[in-house]
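To start, the structure under review is shown below, and the notes come after it.
Where a number appears in this text, it was derived from the coordinates with a stated rule and is not lab data. Note that this is a predicted model, so its numbers are computed, not measured. All Cβ positions, glycine included, derive from the backbone under ideal geometry; neighbour counts span all protein chains shown.
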Amino acid sequence: MKALVTGSAGHLGEAMVRSLRSTNRSVFGIDILDSPFTDRVGTIVDRDFVRQSLQGVDTVYHTATLHKPHVATHTPQQFIDTNITGTLNLLQEAVAAGVKRFIFTSTTSVFGDALIPPAGSPAEWVTEETRPIPKNIYGVTKDAAENLCQLYYRNFQLPCIVLRTSRFFPEDDDNKKMRDVFSSDNIKANEYLFRRVDIEDTVSALLAAAEKAQSIGFGKYIISATTPFTPQDLPLLRTDATAVVKRLFPGYEQEYARRGWKMFGTIDRVYVNTLARTELGWQPRHDFAHLLARLTAGGTIQSALAQTIGSKGYHEEEFTEGPYPVH
């Protein structure tokens, strides 16, 4: 068995290559950038490069992408080329090469404006039934790539699993208003309640998807830390999230106070991973309770794997308003 990891120099790509190598599985990494986890440098926009890279491969972990932080620095056409054409090239050549399973890393950003409830409404309970309303070229192209995966399962019987991952990057938040009020680690800790996943759990989700791909055929799954909230919490989360968290985690304030952190006053959406845990047999470990226990024991916000990979950034240049030229 041989796996292909696209985007092997990126956060998730490196994590996948590391994980597969650690279990002595055959893995081949490709990326536009050279790295210790990249076996061949090239672009998935080049179909000949894709064809050659897929020789002998039975599993594709497609993590290569242009991300949301690239929206201000790359053209819409570049997003289409990488996120749509690149995915299409991989699907076409995967069918030709007899690949047995195709795992596509998508994003919760496809939901877009569906995540913004009207004023006075409860927070959104986001499941696979939530209809995506992409709000930028990133979301549009990832949504289109998801549909290509479904097409290639339906027309060519290529088992495809789409994983809509929430945030796992270690970089600072791309919203300047948030950066002005909360520290980077504070933001991330809060997000484990509703919109963040650790990269260790993301890796285990991709591996679980590969195990189940042939029996499932096609499926879309939200990959986010298990939320402690229930639908009954949604109205109060919108108006007084701190009260909800205090009820569920009475001791969190002491640990937060020690670090000078504070909870968000409002939470507008909650990502729900129930379907992934049920159908994929995925067992994520890093939720808010796990994080609190680690912090209380003197640990850091990041898991061991996240610390090993570190921060890669998204741009070579620096910007006056922070790490990204957006918001």
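Things to note:
- For the stretch 69-159, diffusion coefficient by Stokes-Einstein and Kirkwood Rh (Cα), 20 °C, 1.002 mPa s, µm²/s: 147 µm²/s
- Sorted by Cβ density within 10 Å, fewest first, the residues 46, 58: 46, 58
- The share of C-alpha pairs in the stretch 20-122 whose separation exceeds 17 Å stands at 60 percent.
- Taking the convex hull of Cα positions in the stretch 108-162, its mean projected area over all directions (nm²): 4.2 nm²
- Mean separation of Cα contacts under 8 Å (6+ apart) over length of the chain, as relative contact order %: 19 percent
- Dipole in debye (nearest 20) - the chain, about Cα centre, beta carbon charges: Lys, Arg +1; Asp, Glu -1: 700 debye
- With only the Cα atoms considered, the chain has a convex hull volume of 131 Å³ per residue.
- Helical content alone sets the calculated 222 nm signal of the chain at -12000 deg cm²/dmol, taking -39,500 (n - 2.57) per DSSP H segment of four or more residues and averaging over every residue.
- Within the chain, percent of DSSP bridges classed antiparallel, to nearest 5: 5 percent
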